[in-house]
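The values are calculated or read from the model by the stated rules, or taken from the named source; none is laboratory data. Not measured: the values here are computed from a predicted model. Don't worry about glycine lacking a Cβ; one is built from the backbone with ideal geometry, like all the others, and counts go over all protein chains shown. Just so you know, the surface numbers come from the protein's heavy atoms only, side chains and all, with ligands and any DNA or RNA stripped out. Shrake-Rupley method; radii C 1.70, N 1.55, O 1.52, S 1.80 Å.
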Amino acid sequence: LDQNKGFLRIMAAKDSLNRKQEEPAFVGQRQTAFRVSVRTAMQFAPGQDGEEAGLCVRANDDNHYEIGVERFQGVTRLFVRNSVKSQNYTVALAPVETDKLQLEISSTESQYQFAWSPDGKTWTTLAASPAADLSREKAGGFTGAVIGLYASANGKESQNFADFAWFEMLPGVVPEQVALSARPTPTPEPPADVWRVRAGGGYFVDHEGLAWSQDKGFEGGDTVGAGRP
């Protein structure tokens, strides 16, 4: 709170929002109403590919939605992303030419909607996604969704940060709904003669340098901890 007076500074942590047993830089508030709008004013200039910051509505590690600013292949852009059962979908992209902007996630019983504004007066809706995928019935758990602020370098070392001027949650205040956004078709796994399956656990790289993904795509139930690999 003292690095930039009047702002909450969140460092772009190496840990991401997606991987279990990591500690992302995320500050959130429990969502207590179906109909609510959440807004923030953010200053953020990503300095390398992979850095991002913004607003996130989060059920758990595997199921969450974000609207934010990222750098990808040297280009800074706005994005809306859905993570559902640990599968990531980019559902909207837009150019952005300012490092100061406002972000909004609004919610109804059926969907979350994502918008941004350069000045808090003119708002542009980027996407809408189904609320059901973050519900207890589909995502698991019992504590409900949390909406808040985050910054991440997604596995890279970084000294960058995002400054947030304020955060507000407005129960009962929602904009006019738009149609749900389509999700891209996931890229299929390549064919192989031999499949090795790791039963449980998060992402890791073994002693041969092979990357093993965390559990994904399961139906029902919930994840549990494993005592050893």
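The residues in the range 17-41 that are touching a Gly at 6+ places or on another chain (Cβ under 7 Å) and either crowded, with 20+ Cβ neighbours inside 10 Å or basic (Lys, Arg) (or both) can be counted, and the count is 5.
You will find that of Phe44, Phe79, Phe26, the residue that is more than 13 Å from the chain's Cα centre (by Cα) and aromatic (Phe, Trp, Tyr) is Phe44 and no other.
Can you find a residue in the range 153-167 that is more than 17 Å from the chain's Cα centre (by Cα) and among the aliphatic types (A, V, I, L, M)? Yes, some residue in the range 153-167 is more than 17 Å from the chain's Cα centre (by Cα) and among the aliphatic types (A, V, I, L, M). Quick check on Thr143: is it out of contact with any strand residue (DSSP E or B) (no Cβ under 8 Å at 6 or more places or on another chain) and open to solvent by 70 Å² or more (accessible area, probe 1.4 Å)? It is false that Thr143 is out of contact with any strand residue (DSSP E or B) (no Cβ under 8 Å at 6 or more places or on another chain) and open to solvent by 70 Å² or more (accessible area, probe 1.4 Å). Among the residues of the range 6-49, those that are under 26 Å from Val174 (Cα atoms), among the β-branched types (Val, Ile, Thr) and not in a loop (DSSP other than H, G, I, E, B) comprise Val27, Val36, Val38, Thr40. Here Ala94 meets the list (1) without any contact (Cβ under 8 Å) to a residue 60 or more places away in the chain; (2) open to solvent by less than 10 Å² (accessible area, probe 1.4 Å) almost entirely, failing just condition (2). Specify the residue that is surrounded by the fewest Cβ atoms within 10 Å (Cβ to Cβ); the eligible residues are those in the range 59-71 that are out of contact with any helix residue (DSSP H, G or I) (no Cβ under 8 Å at 6 or more places or on another chain) and farther than 17 Å from Ala127 by Cβ. Selected residue: Arg71.
Screening Gln3 with (1) part of a loop (DSSP other than H, G, I, E, B); (2) in contact with a Lys or Arg (Cβ under 7 Å, 6 or more places away or on another chain); (3) modelled with pLDDT of 95 or more gives one miss only, at (3).
Scanning for something of a type in the set (D, E, K, R), at pLDDT 80 or above and either open to solvent by 80 Å² or more (accessible area, probe 1.4 Å) or assigned to a strand (DSSP E or B) (or both), does the range 209-224 turn up at least one residue? Among the residues of the range 209-224, not one is of a type in the set (D, E, K, R), at pLDDT 80 or above and either open to solvent by 80 Å² or more (accessible area, probe 1.4 Å) or assigned to a strand (DSSP E or B) (or both), which makes the answer no.
Checking the conditions here, which among Ser37, Ser83 is among the small types (Gly, Ala, Ser) and within 23 Å of Ser213 (Cβ to Cβ)? Step through it out loud before you land on a result.
Values: Ser37 fails: within 23 Å of Ser213 (Cβ to Cβ).
None of the other options fit; the residue is Ser83.
Thr125 meets all of the listed conditions (1) in a strand (DSSP E or B); (2) under 18 Å from Asn63 (Cα atoms); (3) among the hydroxyl-bearing types (Ser, Thr, Tyr) but one, namely (2). Can you find a residue that is assigned to a loop (DSSP other than H, G, I, E, B) and in contact with a Phe, Trp or Tyr (Cβ under 7 Å, 6 or more places away or on another chain) anywhere in the range 146-167? No, because not a single residue in the range 146-167 is assigned to a loop (DSSP other than H, G, I, E, B) and in contact with a Phe, Trp or Tyr (Cβ under 7 Å, 6 or more places away or on another chain).
Counting the residues of the range 97-121 that are over 24 Å from Val75 (Cα atoms), open to solvent by 40 Å² or more (accessible area, probe 1.4 Å) and of a type in the set (Ser, Thr, Tyr) gives 1.
Among the residues that make up the range 176-191, is at least one of them surrounded by fewer than 17 Cβ atoms within 10 Å (Cβ to Cβ), out of contact with any Pro (no Cβ under 8 Å at 6 or more places or on another chain), under 18 Å from Ala45 (Cα atoms) and modelled with pLDDT of 90 or more? No - not one qualifying residue is present in the range 176-191.
Pairs are defined by a Cβ separation below 8 Å, a sequence spacing of at least 6 or placement on different chains, a first member in the range 30-54 that is within 23 Å of Thr76 (Cβ to Cβ), and a second member that is acidic (Asp, Glu) and part of a loop (DSSP other than H, G, I, E, B); the pairs so defined are Gln43/Asp99; Phe44/Asp99; Ala45/Asp99.
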